[in-house]
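Undergrad: I'd like to ask some things about the structure below.
The values are calculated or read from the model by the stated rules, or taken from the named source; none is laboratory data. Here the structure is a predicted model, which is why all the values come from computation and not from measurement. Ideal geometry is used to build each Cβ from the backbone, glycine not excepted, and the neighbour counts take in all protein chains shown. Surface areas here come from the heavy atoms of the whole protein model, side chains and all, with no ligands, DNA or RNA. Shrake-Rupley method; radii C 1.70, N 1.55, O 1.52, S 1.80 Å.
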Amino acid sequence: PTVTHLEQMIQQATGAHGVIALSSGMAAISNTFLALLEPGNNVITSSRLFGNTFGLFNKTLPSLGMEFQFVDLKNRSEIEKHITPRTRAIFVETISNPLCEVADIAALASIAQEHNLVLVADTTMTPLMVFDAKQHGVNIEIISSTKFISGGATAVGGLFIDHGTYDWSQLEKLKPEVERYQKNAVISKLRKEIFRNFGACMSPNNAYLQSLGLESFELRVNRACENTKIVAEWLNEQAQVLTVNYSGLASSPSHAIANKQFGARQGAILSFELESKEACMAFLNKLKIIRRATNLNDNKSLIIHPASTIYTEHTEEQKALQGISDRLIRFSVGIEDVEDLIDDLKQAMA
Ligand code: PLP
């Protein structure tokens, strides 16, 4: 009942058709495709993804016969060129981690509708009050609740949200569930088979901690988003900083679409480049308040060098495809006093 309570709170907040809480964000992503795809089916996605999502799509699910095409999701003709009779879904991160690229979700939804594909969006970086996934045509929304929802890294979790807008009778994999459960086909497939058999359930204690997290969710999101904009503007003015990736900056190529989709709150992650790996390490080692850790959207500010942490198992070729250079730093901005954060950045860059 504690897990059901969390699912119901998310269902009320989103107006979704059905919600399932799982053991992690990665469990939510992997179980989604295990529920939707048959061997030989394929999915259109981008190479600009969280490292483990890329690994799941590039290695783990292909070993089960599922195929993933990595294309530029901003380019309609490139997407359409890769759609085949075996394509079943498009997968996108609303703001890509860590390069902060923003796809036009309504445009992806129109392509998905035209070709009867399921639009699956990982909205972890753009929480519920920032981005209304259903309104933008997303069929399945996935959230790593480990991040903003847990608040302060208290518990790992993932959410699968069915917005009730896809006709599941179009997927051969779900034919038996459609006959038996109609509109609840995908929720039933996950709940009664996939996540149970793979053991990907959320623990009651994690559901309890994440329900508590929901109580202060919006306050924390607002503060972290405000801090991020201020920090991004400051970084953008520093001579040592070569580029800042954050859609809230007027100079960002994603600025216009991000303003349209998300409004003023454009997440709490940014990334930036210094002149070399050595410069990145020297800077990171001097930080006093901002901690080095790979979680994100925590209350505390967390910073990493992606190439030597999350992407360390990836080949040089894969890193190049994903746009991960040795000069890149990812910064998840927390809810501390923003002046303390800027003072810390300042002394570490001096
Ligand atoms: N999606 C995004 C965008 C992420 O950044 C992460 C983790 O960092 C995940 C999914 C995976 O979530 P979890 O750590 O809960 O498995």
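Undergrad: Which of the residues belonging to the range 117-127 are in a strand (DSSP E or B) and open to solvent by 10 Å² or more (accessible area, probe 1.4 Å)? Spell out how you get there, then give the answer.
TA: So the first thing to find is which residues in the range 117-127 are in a strand (DSSP E or B), and the list is 118-122.
Hit for the range 117-127 is Asp122, nothing else.
Undergrad: Same structure, new question: Return the residue satisfying two criteria in turn: it lies in the range 135-145 and is more than 11 Å from Tyr166 (Cα to Cα) and surrounded by fewer than 24 Cβ atoms within 10 Å (Cβ to Cβ), and of such residues it is farthest from the ligand (Cβ to nearest atom).
TA: We begin by selecting, within the range 135-145, every residue more than 11 Å from Tyr166 (Cα to Cα); these are 135-136, 141-145.
Now narrow it down to the ones that are surrounded by fewer than 24 Cβ atoms within 10 Å (Cβ to Cβ): 135-136.
On the way: Gln135: 20, His136: 17 Å.
For the range 135-145, the residue satisfying everything is Gln135.
Undergrad: Tally time: how many residues in the range 168-187 are surrounded by fewer than 22 Cβ atoms within 10 Å (Cβ to Cβ) and without any contact (Cβ under 8 Å) to a residue 40 or more places away in the chain?
TA: Qualifying residue count, the range 168-187: 8.
Undergrad: Filter the range 305-323 down to residues that are within 16 Å of Phe54 (Cβ to Cβ) and touching a Leu at 6+ places or on another chain (Cβ under 8 Å) and give me whichever is nearest to the ligand (Cβ to nearest atom).
TA: Pro306
Undergrad: Looking only at residues in the range 268-298 that are within 16 Å of the ligand (Cβ to nearest atom) and assigned to a loop (DSSP other than H, G, I, E, B), which one is surrounded by the fewest Cβ atoms within 10 Å (Cβ to Cβ)?
TA: Restricting attention to the range 268-298, the residues satisfying the condition of being within 16 Å of the ligand (Cβ to nearest atom) are 268-271, 291-298.
Going one step further and asking which of them are assigned to a loop (DSSP other than H, G, I, E, B), we end up with 268, 293-298.
On the way: Ala268: 31, Ala293: 15, Thr294: 13, Asn295: 17, Leu296: 25, Asn297: 25, Asp298: 24.
Filtering the range 268-298 for residues that are within 16 Å of the ligand (Cβ to nearest atom) and assigned to a loop (DSSP other than H, G, I, E, B), the one surrounded by the fewest Cβ atoms within 10 Å (Cβ to Cβ) comes out as Thr294.
Undergrad: Could you give me the residue pairs with C-beta distances under 7 Å whose first residue belongs to the range 39-52 and is within 13 Å of Glu172 (Cα to Cα), whose second residue is away from the ligand (no atom under 11 Å from the Cβ) and not in a strand (DSSP E or B) wherever it lies, and which are 6+ apart or on separate chains?
TA: Pro39/Leu64; Pro39/Gly65; Pro39/Met66; Gly40/Gly65; Gly40/Arg86; Asn41/Met66; Asn41/Arg86
Undergrad: Which of the residues belonging to the range 225-240 are open to solvent by less than 10 Å² (accessible area, probe 1.4 Å) and not hydrophobic (A, V, I, L, M, F, W, C)?
TA: Listed by number, the residues that qualify are Asn227, Thr228.
Undergrad: Any idea how many residues of the range 150-197 are within 16 Å of the ligand (Cβ to nearest atom), under 15 Å from Ile29 (Cα atoms) and at pLDDT 95 or above? Even if it seems obvious, please write down each step before you answer.
TA: Filtering the range 150-197 down to residues within 16 Å of the ligand (Cβ to nearest atom) leaves 150-161, 195.
So of that shortlist, the ones also under 15 Å from Ile29 (Cα atoms) come out as 156-161, 195.
Checking which are at pLDDT 95 or above leaves us with 156-161.
Count: 6.
Undergrad: Continuing with the same structure: Within the range 324-337, can one find any residue that is of a type in the set (A, V, I, L, M) and more than 16 Å from Pro98 (Cβ to Cβ)? Reasoning before the result, please.
TA: Going residue by residue through the range 324-337, those that are of a type in the set (A, V, I, L, M) are 324, 328-329, 333, 335.
Next cut, more than 16 Å from Pro98 (Cβ to Cβ) only: 335.
Yes: one or more hits.
Undergrad: Just to verify a result, which residue in the range 64-116, among those that are on the phi > 0 side of the Ramachandran plot and touching a residue at least 40 places away in the same chain (Cβ under 8 Å), is most open to solvent (accessible area, probe 1.4 Å)?
TA: As a first pass, look at the range 64-116 and keep what is on the phi > 0 side of the Ramachandran plot: 65, 100, 116.
Subsequent filtering for residues that are touching a residue at least 40 places away in the same chain (Cβ under 8 Å) retains 100, 116.
Working: Cys100: 9, Asn116: 85 Å².
The residue in question is Asn116.
Undergrad: Next question, about the same structure. Kindly evaluate Ile289 against the criterion of being under 24 Å from Asp343 (Cβ atoms), in contact (Cβ under 8 Å) with a residue 60 or more places away in the chain and β-branched (Val, Ile, Thr).
TA: On the way: under 24 Å from Asp343 (Cβ atoms): yes; in contact (Cβ under 8 Å) with a residue 60 or more places away in the chain: no; β-branched (Val, Ile, Thr): yes.
No; evaluated as a whole, the condition is false for this residue.
Undergrad: Can I ask one more? Just to confirm my filter: which helices (runs of 4 or more DSSP H) fall fully inside the range 1-65 and include at least 3 residues that are away from the ligand (no atom under 16 Å from the Cβ)? Steps first, please.
TA: Working: elements: 2-14, 25-36, 51-55.
Where helices (runs of 4 or more DSSP H) fall fully within the range 1-65 and carry at least 3 residues being away from the ligand (no atom under 16 Å from the Cβ), they are 2-14.
Undergrad: Also: Looking at the range 302-324, which of the residues that are crowded, with 17+ Cβ neighbours inside 10 Å and without any contact (Cβ under 8 Å) to a residue 60 or more places away in the chain is farthest from Ser276 (Cα to Cα)?
TA: This residue is Leu302.
Undergrad: Looking at (1) under 17 Å from Ser276 (Cβ atoms); (2) open to solvent by less than 30 Å² (accessible area, probe 1.4 Å); (3) not small (Gly, Ala, Ser), which is the only condition Val338 fails?
TA: Evaluating Val338 over (1) under 17 Å from Ser276 (Cβ atoms); (2) open to solvent by less than 30 Å² (accessible area, probe 1.4 Å); (3) not small (Gly, Ala, Ser) leaves (1) as the failure.
Undergrad: Here's a follow-up. Select from the range 242-259 the residues that are part of a helix (DSSP H, G or I) and touching a strand residue (DSSP E or B) at 6+ places or on another chain (Cβ under 8 Å) and write down the one among them that is least open to solvent (accessible area, probe 1.4 Å). Don't jump to the end; show me each part of the working.
TA: Looking only at the range 242-259, we keep the residues that are part of a helix (DSSP H, G or I), and these are 255-259.
Now drop any that are not touching a strand residue (DSSP E or B) at 6+ places or on another chain (Cβ under 8 Å), which leaves 257-258.
Values: Ile257: 32, Ala258: 0 Å².
Ranking the qualifying residues of the range 242-259, first place goes to Ala258.
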